[in-house]
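Q: I'd like to ask you about the structure that follows.
None of the figures in this text is laboratory data; all of them are computed from the coordinates on show. Owing to the predicted nature of the structure, the values given are computational and were not obtained by experimental measurement.
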Amino acid sequence: MTSSADKRRMRGFEPASGLVREPVRKAGESRGFTLVRLLTHWPEVVGAEIAAMTRPVKIGYGKSGLGATLTLLTTGPAAPLVQMQLERIRERVNACYGYNAISRLLITQTAPTGFAEGQASFGPAPSTPSPAPDPAIVKCAEAAVSAISDPDLRAALAMLGQNVLSRPARAPESTPSATDIQKG
């Protein structure tokens, strides 16, 4: 008979996913998700268009045991669009489970900003345009790389030079002066 320590040694190398699979599964089950793939691969399960508007929040199991209820989080304006596609979402989620696990879908609407638990930022954050660099800095950076013959490399190095030269100056670290040393 082999002990569990012997079995562990006989396995050889194991993927890192195998080491964290059980803790992740337990954490997901505490929120009602018996299949972590539903959370981690949501865009693949329901499609990119629906995934951009929704997030799965929890799966609740009723007392009757005739199927679970999946709660989806969405923004107010997207809720009617999601409502029209509930049956399609349910079919895709059940295909992920492999059986008719989800019998109901609930939609929870929230504002894009608000309560900590209800924040729904489904798209990328809007980018702020960077200010135009100082013409003197651009001229200095281009002059420093003018000897480089490759145009792509010259442009990349000029951009790097502009970024370095336009960074705000850091405050010098407080180093003791000679008079401070003599006083101490």
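Q: Report the extension gain between Arg37 and Cys140 in nm, rounded to one decimal, defined as 0.36 nm multiplied by the number of residues separating them, less their alpha carbon distance.
A: 31.8 nm
Q: Multiply the residue gap between Ala156 and Glu49 by 0.36 nm, knock off their C-alpha separation, and tell me the result in nm, one decimal place.
A: Using 0.36 nm per residue and subtracting the Cα-Cα distance, I get 34.9 nm.
Q: Enumerate the calculated ³J(HN,Hα) couplings along the stretch 101-107 in order (Karplus 6.51 cos²θ - 1.76 cosθ + 1.60, θ = phi - 60°), each rounded to whole Hz, writing x wherever the residue is Gly or Pro.
A: These are the phi-based 3J(HN,Hα) values: 7, 9, 9, 9, 10, 10, 10 Hz.
Q: Hey, can you grab everything whose amide H is under 5 Å from the amide H of Ala78? Only 5+ residues off in sequence or another chain; H modelled, so Pro and N-termini drop out.
A: Under 5 Å from the amide H of Ala78 lies no amide H from a residue far enough along the sequence or on another chain.
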